[in-house]
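Please treat every number below as a calculation from the coordinates, not as lab data. Since the structure is predicted, the reported quantities are computational estimates derived from the model, not experimental observations. A quick note on method: Cβ atoms are made from the backbone with ideal geometry, for glycine too, and the neighbour counts reach across all protein chains shown.
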C-alpha cells in the first residue's frame, strides 16, 4: 500500500492516483515543522505494514515565505536550507526506524510568479505571503531539491521530482498548468511518472486501474 503524507501539494499533485493508496495530507504544514517537532503529521507506524511505501511531500511553503524571512534576520542562505533538509531527514529516519518501509521523497514544485498571482487575486496579504523575489524563491527551490536528492541517495530513499514539465526557464511554475494559485492543476504527467517509478521497482503487487 502507498501512504502519502504532505501539505496541500500532496493532495493536488497526487489527486486521482490510480494505484492503491491512502492520502494523509494536511494543508499548510511546513518542512520546518516536521523537522522541529520530529513528527510526520498523521503518521502512525502501527497502521503500516512492512514494505509499505510512504511518500513525503513538503517544502513549498518553506521556499515561498520562510527561508527569506530567516535570511532577513541575518542567517546564511545555505545554512538555513541545510538545517531544514537535515532535520527533515532526521525525522523520517526516526519515524520509520521500527519497520522496513520504502520511502519516496518528493521534490518541491517550482514557485509561482508573484505578479501572476496578484493579477488574478489582487495584492498579496499576510494571509498568503510570498517573501522574496521570484528569482530568489526559484533559487531556494533548486537548492532544496538538490539537497533532497543528495540526502535521499545517501539514506537509501527514492527521490522523485516530476516537475521539469511544469517549470519555465526562469525556474517558476507554468501558469497554464497551475490552479491559478501555487498548486499544479493538470497533474497527469506527475501521475504517469509516479506509476513508472513505482511499478518496475516491484515493491508491491498492484493492479493499475483505468
Inset, instruction - Mind computing the radius of gyration and Dmax over the alpha-carbon atoms of region 48-88? Å is fine for both. - result: 14.1, 44
Inset, instruction - Send over the per residue convex hull volume for region 80-198, Cα only, as a whole number of Å³. - result: 125 Å³
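Compute the whole-percent fraction of alpha carbon pairs in region 11-120 spaced more than 24 Å apart.
Values: 1967 of 5995 pairs.
Everything past 24 Å amounts to 33 percent.
Assuming R0 = 22 Å, what is the FRET efficiency of residue 37 and residue 16, from their Cβ-Cβ distance, to the nearest 0.05? Don't skip to the end; give the middle numbers.
Numbers: r = 31 Å, r/R0 = 1.39.
Once rounded, the FRET efficiency stands at 0.10.
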Legend entry - Within a Gaussian network of the chain (alpha carbon springs, distance under 10 Å), most fluctuating of 195, 53, 119: 119
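Per residue, how big is the convex hull around the C-alpha atoms of region 129-168? Give it to me in cubic angstrom, could you?
Numbers: hull volume 3.4 nm³, N = 40.
Cα-based convex hull of region 129-168, divided per residue, equals 85 Å³.
Using only C-alpha positions, report the orientation-averaged shadow area of the convex hull of region 2-201, nm², one decimal. Mind showing how you got there, number by number?
Working: hull surface 43.6 nm².
Mean orientational projected area (region 2-201, Cα hull): 10.9 nm².
Relative contact order for the chain: what is it in percent, counting Cα pairs under 8 Å that are at least 6 residues apart?
Working: 326 pairs, mean separation 54.3, N = 210.
In percent, rounded to a whole number, it is 26.
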Inset, instruction - Springs between alpha-carbon atoms under 10 Å, Gaussian network over the chain: tell me which of 96, 120, 181 tops the mean-square fluctuations. - result: 120
Inset, instruction - Round to the nearest 10 and give me the degree value, 0 to 90, for the angle of helix 134-155's Cα axis relative to the longest principal axis of the chain. - result: 20 degrees
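Based on the mean of other beta carbon atoms within 10 Å per residue, what is the order of 150-157, 69-76, most packed first?
Details: 150-157: 14.5, 69-76: 12.2.
Ranked by mean Cβ neighbours within 10 Å, highest first: 150-157, 69-76.
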